[in-house]
Amino acid sequence: MIYYIYQEKIGEEKTKELIEKLKEGENMKLAVEKMLDREYAARDRKSRQEGREEGKQEGKKEAVLILAKKMVKEKIDINLIMKITGLKKEQLM
């Protein structure tokens, strides 16, 4: 009965894990809480990693823009700046 109730909500693998915990004598509430804690921790780690990656990408973009601005001030050819930085003419103006 537990399998049919939970498998749609938490998936087959996690439902089987829950049933094993119950067979080992673990309290139903405690087993579910532990499973949810692990799930939330995994999601939190993934979110933090995605945030770091996003921050790195934003930092790289910002660095390219700063360098491009400096090159424009030094009157370096726009076409050369575009080739080096990968920026478009509209972004440089």
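The values are calculated or read from the model by the stated rules, or taken from the named source; none is laboratory data. Keep in mind it's a predicted model, so treat the numbers as computed, not measured. Neighbour counts are summed over all protein chains in view; Cβ atoms, including those assigned to glycine, are modelled from backbone coordinates with ideal geometry.
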**Item:** Test result for residue 38, part of a helix (DSSP H, G or I), free of Cβ contacts under 8 Å to residues at least 24 places away in the same chain and closer than 30 Å to residue 4 by Cβ
**Value:** yes
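Among the residues that make up region 24-38, is at least one of them under 19 Å from the mean Cα position of the chain (by Cα), modelled with pLDDT under 85 and over 30 Å from residue 85 (Cα atoms)? Step through it out loud before you land on a result.
Looking only at region 24-38, we keep the residues that are under 19 Å from the mean Cα position of the chain (by Cα), and these are 37-38.
Still in the running and modelled with pLDDT under 85: 37-38.
Add one more test, that the residue is over 30 Å from residue 85 (Cα atoms), and what stays is 37-38.
There is at least one residue in region 24-38 that is under 19 Å from the mean Cα position of the chain (by Cα), modelled with pLDDT under 85 and over 30 Å from residue 85 (Cα atoms).
Just a yes or no: is a residue in region 72-82 in a helix (DSSP H, G or I) and in contact (Cβ under 8 Å) with a residue 24 or more places away in the chain?
Filtering region 72-82 for residues in a helix (DSSP H, G or I) gives 72-73, 78-82.
Of the ones still in play, those that are also in contact (Cβ under 8 Å) with a residue 24 or more places away in the chain are none.
Scanning region 72-82, I find no residue that is in a helix (DSSP H, G or I) and in contact (Cβ under 8 Å) with a residue 24 or more places away in the chain, so the answer is no.
In the set 7, 91, 57, which member is touching a residue at least 12 places away in the same chain (Cβ under 8 Å) and polar (S, T, N, Q)?
On the way: 7 fails: touching a residue at least 12 places away in the same chain (Cβ under 8 Å); 57 fails: touching a residue at least 12 places away in the same chain (Cβ under 8 Å).
After ruling out the rest, the residue left standing is 91.
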**Message:** Among the residues of region 54-65, are any in a helix (DSSP H, G or I), touching a helix residue (DSSP H, G or I) at 6+ places or on another chain (Cβ under 8 Å) and either hydrophobic (A, V, I, L, M, F, W, C) or modelled with pLDDT under 75 (or both)?
**Reply:** yes
